[in-house]
Each structure stands twice: as C-alpha cells, then as structure tokens.
1. Might you let me know whether the stretch 117-132 holds any residue that is modelled with pLDDT of 90 or more and assigned to a loop (DSSP other than H, G, I, E, B)?
2. Does any residue in the stretch 40-57 that is free of Cβ contacts under 8 Å to residues at least 40 places away in the same chain come within less than 8 Å, Cβ to Cβ, of a residue that is in a strand (DSSP E or B) and open to solvent by less than 30 Å² (accessible area, probe 1.4 Å) six or more places away or on a different chain, and which pairs are these?
3. For residue 118, indicate whether it is open to solvent by less than 60 Å² (accessible area, probe 1.4 Å) and either of a type in the set (Gly, Ala, Ser) or touching a residue at least 60 places away in the same chain (Cβ under 8 Å) (or both).
4. Right, residue 84: in contact with a strand residue (DSSP E or B) (Cβ under 9 Å, 6 or more places away or on another chain), modelled with pLDDT of 90 or more and under 19 Å from residue 25 (Cα atoms) or not?
5. Look through 64, 103, 92 and report the one residue that is in contact with a Pro (Cβ under 6 Å, 6 or more places away or on another chain), outside any loop (DSSP other than H, G, I, E, B) and open to solvent by less than 20 Å² (accessible area, probe 1.4 Å).
6. Any idea which residue in the stretch 40-57 is farthest from the chain's Cα centre (by Cα), counting only those that are open to solvent by less than 50 Å² (accessible area, probe 1.4 Å) and at pLDDT 90 or above?
7. What is the residue count in the stretch 83-98 for residues that are more than 19 Å from residue 143 (Cα to Cα) and without any contact (Cβ under 8 Å) to a residue 12 or more places away in the chain?
8. Give the residue that is surrounded by the fewest Cβ atoms within 10 Å (Cβ to Cβ), with candidates limited to residues of the stretch 68-88 that are among the small types (Gly, Ala, Ser) and farther than 14 Å from residue 122 by Cβ.
Amino acid sequence: MRLTILLPVGVSLLLGCATTEPLATYFVLTGTGGTAKPARPAATVRVYVRRVEVPAYLNRTNLASMNGDQIRYSPTGLWALPLDQTVSLGIASNLNHLGISAAGFQPAFSVPAHTYDVAVHITHFEGHENGDVILTGNWQVLGAGGRGGSW
C-alpha cells in the first residue's frame, strides 16, 4: 500500500523538477546546405575575405536585438562560430556560389595564396522589435596583402 502511494508521488516530484529550458539554435551565414564546420580552404584562391571587424557589442556568440535604445542578447539564438569568422565565411561562400574562387578567414588555417583581399568593417548588425535586421558597415577590395588601391 505504501509503495503504491509513494511511487506516483515520487514520479510527480521528479517530473515537476525537470527543467524545460529551450534548446539553443545555432546560425551560420552560408548558402543553402551550409555547415557550421567550415572546410579547409583550397591552396590557391582568387579572393581571400579577411577577418571581419565587428564592434565590441557584437563580439559574442549571442544574437543581438535592439529593444528601443537597449541591446538584448538572445539566450538561445547563437552564432555557430564567432561573428567575425561567420561573416567572412558567409561572404566567401556566396562568392563561390557566384563562381569566384574564394576563402574566408579561419583561425585554424593559414591564409591561402590569393589575388585579392576583401576587407569588411561592420558598425551595426542587430535585429529590431518589428522583425527588421539592420547591417551597416563598409568594405574594400584590395590587391593581395593590401597592396594597391581599393575599388
């Protein structure tokens, strides 16, 4: 008799204590079929996308959104890689889809031989309450290693 009462009470207590926190969702900026684990760059490419410069408030894995004039960071929406690397690899992926041989910054690999550098500086990249996402910044195309003028 005692077991038949204690068992349901014990199960109820255990289930009541279980957390129901949402699982994290990881995002990348690559084309369809992109992966969070970047491939090793080819030995020679036409374009190398340098490490992207991001402001300090974006130098974290959480997605940022604006709530009025305050920044809120998502506890479950995360970049699969640091944003400076994610943007670099996303740009390189899009160039490759356009038929331009490109590689993006990856800290684990040395810079491949290339003809052009792409330098990107992001000043803002956050979502807003109305669903808009604003990305502002600037970019330059330079000769390999920064030689020559920009386009």
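The values are calculated or read from the model by the stated rules, or taken from the named source; none is laboratory data. Small disclaimer: the values here were computed from a predicted structure and weren't measured. Note that each Cβ is placed from the backbone with ideal geometry, even for glycine, and that neighbours are counted across all protein chains shown. In case anyone asks, the SASA skips ligands and DNA or RNA and just uses the protein heavy atoms, side chains included. Shrake-Rupley method; radii C 1.70, N 1.55, O 1.52, S 1.80 Å.
1. First, pick out the residues of the stretch 117-132 that are modelled with pLDDT of 90 or more: 117-123.
Next, from what is left, pick out any that are assigned to a loop (DSSP other than H, G, I, E, B): none.
No, the conditions are met nowhere in the stretch 117-132.
2. 57/64
3. Details: open to solvent by less than 60 Å² (accessible area, probe 1.4 Å): yes; either of a type in the set (Gly, Ala, Ser) or touching a residue at least 60 places away in the same chain (Cβ under 8 Å) (or both): yes.
When the stated conditions are applied, residue 118 passes them.
4. Numbers: in contact with a strand residue (DSSP E or B) (Cβ under 9 Å, 6 or more places away or on another chain): yes; modelled with pLDDT of 90 or more: yes; under 19 Å from residue 25 (Cα atoms): yes.
When the stated conditions are applied, residue 84 passes them.
5. Values: 64 fails: in contact with a Pro (Cβ under 6 Å, 6 or more places away or on another chain); 92 fails: in contact with a Pro (Cβ under 6 Å, 6 or more places away or on another chain).
None of the other options fit; the residue is 103.
6. 47
7. Count: 1.
8. We begin by selecting, within the stretch 68-88, every residue among the small types (Gly, Ala, Ser); these are 68, 74, 77, 80, 88.
Add one more test, that the residue is farther than 14 Å from residue 122 by Cβ, and what stays is 68, 74, 77, 80.
Numbers: 68: 8, 74: 15, 77: 17, 80: 19.
Out of the qualifying residues, it is 68.
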